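Structure first, then comments.
The values are calculated or read from the model by the stated rules, or taken from the named source; none is laboratory data. In this text the structure is predicted, and so the values were computed from the model without any measurement. Cβ sites come from the backbone with ideal geometry, for glycine too, and all protein chains shown count toward neighbours.
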Amino acid sequence: MGFTRELEIVGVGYRAIPQSPTKIEVQVGFSHPVFVEAPDGVTFDVPAATRITVIGIDKQVVGQVAADIRKIRKPEPYKGKGIRYADERVLRKAGKSAK
């Protein structure tokens, strides 16, 4: 089976669309979709529109591909929108305080 890394997408209208086992389309609030190609030995599984699983034999490559996907839209600290690891805790900041 190999190694896996789970990512989840949080945000209204944010989603991942599988194109093939080695290519996904990620829509995360840009004016254009972002396409991600997997290197040799790595495949993607998209069980839901907001979950991506990176699967591969090489642990380092799987982690690097997952980090590259997360880098497209990192979780922001105010609403938590973005792409995060499934086991990641996003530190939330308080907004502006009213007078």
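Suppose the filter is in contact with a Lys or Arg (Cβ under 7 Å, 6 or more places away or on another chain), of a type in the set (S, T, N, Q) and closer than 24 Å to L91 by Cα; does Q27 pass it?
Criteria met by Q27.
Could you tell me how many of the residues in region 65-76 are surrounded by fewer than 13 Cβ atoms within 10 Å (Cβ to Cβ) and in contact (Cβ under 8 Å) with a residue 12 or more places away in the chain?
Of the residues in that region, 1 qualify.
K96 passes all but one of (1) surrounded by 11 or more Cβ atoms within 10 Å (Cβ to Cβ); (2) part of a loop (DSSP other than H, G, I, E, B); which number fails?
Only one criterion in (1) surrounded by 11 or more Cβ atoms within 10 Å (Cβ to Cβ); (2) part of a loop (DSSP other than H, G, I, E, B) is unmet by K96, namely (1).
What pairs come up if the first residue lies in region 38-60 and is at negative phi, the second is of a type in the set (V, I, T) and in a loop (DSSP other than H, G, I, E, B), and their beta carbons are under 7 Å apart, counting only those six or more places apart or on different chains?
Qualifying pairs under 7 Å: A38/T22; T43/T22; F44/T22.
Restricting to region 33-70, name every residue that is over 18 Å from V10 (Cα atoms) and assigned to a loop (DSSP other than H, G, I, E, B).
A38, P39, D40, G41, I57, D58
For V62, indicate whether it is surrounded by 17 or more Cβ atoms within 10 Å (Cβ to Cβ), touching a helix residue (DSSP H, G or I) at 6+ places or on another chain (Cβ under 8 Å) and either among the hydrophobic types (A, V, I, L, M, F, W, C) or modelled with pLDDT of 95 or more (or both).
No, not satisfied.
If you go through region 1-59 one residue at a time, how many are surrounded by 14 or more Cβ atoms within 10 Å (Cβ to Cβ), among the aromatic types (F, W, Y) and under 17 Å from R70 (Cα atoms)?
The number of residues fulfilling the criteria is 2.
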